[in-house]
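Below is a structure I'd like to ask you about.
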Amino acid sequence: MRLIVQLVKESSCTIDGRITGAINKGFMVLVGFGPDDNEEITRKMAEKMVKLRIFGDNEGKMNLSLKDVDGAILSISQFTLYADCKKGNRPSFSGAMEPNKAKELYLYFNEYLRSLGYQVEEGIFGADMKIALVNDGPVTIILDSKEVIR
């Protein structure tokens, strides 16, 4: 599982001219799954992400978590996080999880975050989404389950 976590002042997802999700302060997260991912890995990655202390405190030091700042999450499915560009110029996505299973884990990820008490807005799995965001910092953190929890 791979997450690209961007600290944002605001972010939204628009599909066919309709906003499907929007947040103010929080994380805009791109979420991708590999073939070996499962619910346990998904829970561990969600917990790792929300505990990241990357918001500035009163002294401007990265010391506060999402909960500390009452932040929200905009979750966007992103199979292209598993792009393999080793050969040629056209990426292969064979390292990404099969779409039906990935959709199940993506929805599970969002529901699990909600069960932890977070506001979670989302895009629509597999849709052509337009994402708008105002990065804060900018701060962007990459979490890969093979490096973080395995």
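Given a 1.4 Å probe, how much area per residue of the chain is accessible, in Å²?
In whole numbers, the chain has 57 Å² accessible per residue.
Moving on. Between D144 and K86, 0.36 nm times their residue separation minus their Cα-Cα distance comes to what?
Stretched fully, the D144-K86 segment lengthens by 19.0 nm.
Next question, about the same structure. Report D for the range 60-150 in µm² per second (integer): Stokes-Einstein, Kirkwood Rh on Cα pairs, 4 °C, 1.567 mPa s.
Result for D is 82 µm²/s.
Between K9 and E98, how many nm apart are label points set 7 Å from Cα along the C-beta direction?
4.5
Here's something else I'd like to know. Can you tell me the equivalent ellipsoid semi-axes for the range 1-136? Use √(5λ) from the Cα gyration tensor, largest first, whole Å.
Its equivalent ellipsoid spans semi-axes of 25, 17, 16 Å.
Any chance you could give the angle, 0 to 90 degrees and rounded to 10, that helix 39-51 forms with the longest Cα principal axis of the chain?
Taking Cα atoms only, the helix is inclined about 30 degrees.
Nearest 500 deg cm²/dmol is fine: what mean residue ellipticity at 222 nm does the chain get from its DSSP H runs of n ≥ 4 alone, each adding -39,500 (n - 2.57), divided by its residue count?
My calculation for the chain gives -7000 deg cm²/dmol from helical runs alone.
Given 0.36 nm per residue, what is the gain on full extension from D68 to N38 after removing their alpha carbon distance, in nm?
8.0 nm
Return, ordered by residue number, the residues of the range 6-27 whose backbone nitrogen is under 16 Å from a label point located 7 Å along Cα→Cβ of A127.
11-23
Using only Cα atoms, tell me the angle between helix 99-115 and the longest principal axis of the chain; keep it within 0 to 90° and round to the nearest 10.
Once rounded, one gets 20 degrees.
Heavy atoms only, 1.4 Å probe, whole protein assembly: order T14, T140 by accessible area, highest first.
Order by accessible area, largest first: T140, T14.
If you put +1 on each Lys and Arg Cβ and -1 on each Asp and Glu Cβ, how big is the dipole of the range 41-89 around its Cα centre, in Debye rounded to 20? Show your work: numbers first, answer last.
Numbers: 9 positive and 6 negative charges, 72 e Å.
Magnitude of the dipole: close to 340 debye.
The values are calculated or read from the model by the stated rules, or taken from the named source; none is laboratory data. It should be emphasised that the depicted structure is a prediction, and the values quoted were computed from it without experimental measurement. Every residue, glycine as well, gets a Cβ built from its backbone with ideal geometry; the counts of neighbours run over all protein chains shown. Each accessible area value is taken on the protein alone, full model and side chains, heavy atoms only, with ligands, DNA and RNA left out. Shrake-Rupley method; radii C 1.70, N 1.55, O 1.52, S 1.80 Å.
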